[in-house]
1. Quick one: helix 186-195 against the long Cα principal axis of the chain, what's the angle to the nearest 10°, folded into 0 to 90?
2. With springs only between Cα atoms under 10 Å apart, run a GNM on the chain and tell me which of Ala196, Ala80, Ala119 wobbles the most.
3. Have a look at Gly286, Trp268, Ala254 and report the one farthest towards the positive end of the charge dipole of segment 230-382, computed about the Cα centre with Cβ charges (Lys/Arg +1, Asp/Glu -1).
4. Any idea what angle helix 18-31 forms with the longest principal axis of the chain, computed on alpha-carbon atoms, 0 to 90 degrees, nearest 10?
5. Apply the Karplus curve 6.51 cos²θ - 1.76 cosθ + 1.60, θ = phi - 60°, to the phi angles in segment 365-381 and return the couplings in whole Hz, x for Gly and Pro.
6. Principal axis extents for segment 190-259, Cα atoms only, whole Å, descending order, please.
7. Normalised by the number of residues in segment 230-382, what is the relative contact order in percent for Cα pairs under 8 Å and 6+ residues apart?
8. So how far apart, in nm, are the two label points at Leu284 and Ser371 if each is 7 Å from Cα heading toward Cβ?
Amino acid sequence: MTEILFLAHRIPYPPNKGDKIRSWNLLRGLAERHTVHLGTFVDDPDDWQHVDALKRVCGEVCVRPLEPRRARLRSVGGLAAGRALSIDFYRDRTLSGWVADLCATRSLDGVFVYSSSMAQYAEDLALPAGVPRVIDFCDVDSDKWAQYSRGHRWPMSWVYGREARLLAEAERRYAGAFDATIVIAEPEAEILRALAPAARPRIAVVPNGVDTGYFDPSRAWPDPFARGSKPLVFTGAMDYHPNVDGVAWFAREALPAIRSHCPAATFWIVGSNPSAEVRSLGDLDGVHVTGRVPDVRPYLAHAAVVVAPLRIARGVQNKVLEGLAMARPVVVTPNAVQGIAGVGPAEVAVAGDIAALVEAVVAVLDRAPASVAAAREFVLRHYGWEAQVAALDRLLGAAARPC
């Protein structure tokens, strides 16, 4: 296989948030083996500066602007048409035309679609017989929207419930149409197999990975925290609802009890685009909201505890893997670790409610371990990106149908 079309809903570079970490590492790995042509969107103006970096890695590149407000207005068309709103959100005639032209002028050997919202560009693509199409759902988004629906009042419960139902129909159709469908963890695979039983033999798990050379605790990282403090660190995109919900819950419900035991404990929310709710948490005692930082690694390297108190979570959480790779104590809720196969109490502490979270964090603060070697060893054994890219490459080859 020599030429691959790679379609992603968000520019893969820089790898500074969960979906981009996965798409970038898969793209980079495939580009080391093949010529990869990239079609994608930019939804953050800061990311335009990185297009040239992708052009150095890829063959042909089509990058389209995605202004969220206009995209939301465009997605309203899905209401009348009976489509999932997230599909219309990413509808773009120019990108569609570029994909068609690429297929007409290039001899493609495979198509890789990253996220269900991009399947619209490849579902009915005119390809020669035997050219495989592989789609990466990452998580089963319809199930995520169903969770949102259960957690909100009307009218948003109706909007989210509608999105869950229509996106589930689309996911079932895509899983049936594509030659292989991958997800990030076995629990997601089981949800998808139940949703699309006819596609069961073509559903596979390709987990996330960690760049363990990048997340290396042995380097001398600068300490961003005040001397004597006990920082509890959460990393992630802070305009993403599950992250917002998790940090608000932890800051309001768990942190006061932790600080009553250990007054030096502080909670650091490290990530880009903090929502108004997240910014307001900075008014609470002991809470710090950084916004975008140039590098999360110093915050992880000097964390007393890395926390992932997620009540809503799908698949494999990069924030957890990164904390493990940096050999830090990690305290998580069950949802945050459900997709990480094989992880155990030697690597993470799992706590299902506020009382358990408080107890687990306080226990770590009392022990004050210098590092957790077992955590990094676990990641090195099971979650390097090289193995994940190789698995995807095998799927692209195995999915090829005989002419």
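1. 40 degrees
2. The residue that fluctuates most here is Ala80.
3. Of the listed residues, the answer is Trp268.
4. 50 degrees
5. 4, 5, 6, 6, x, 5, 6, 10, 4, 4, 5, 5, 4, 4, 5, 4, 6
6. 58, 35, 21
7. Details: 292 pairs, mean separation 37.0, N = 153.
Value for segment 230-382: 24 percent.
8. 3.2 nm
Values quoted throughout were computed directly from the atomic coordinates according to the rules given, and no laboratory measurement underlies them. Computed from a prediction, not measured in an experiment: that's the story for all the values here. For neighbour counting, all protein chains shown are included, and Cβ atoms are generated from backbone atoms with ideal geometry for every residue, glycine included.
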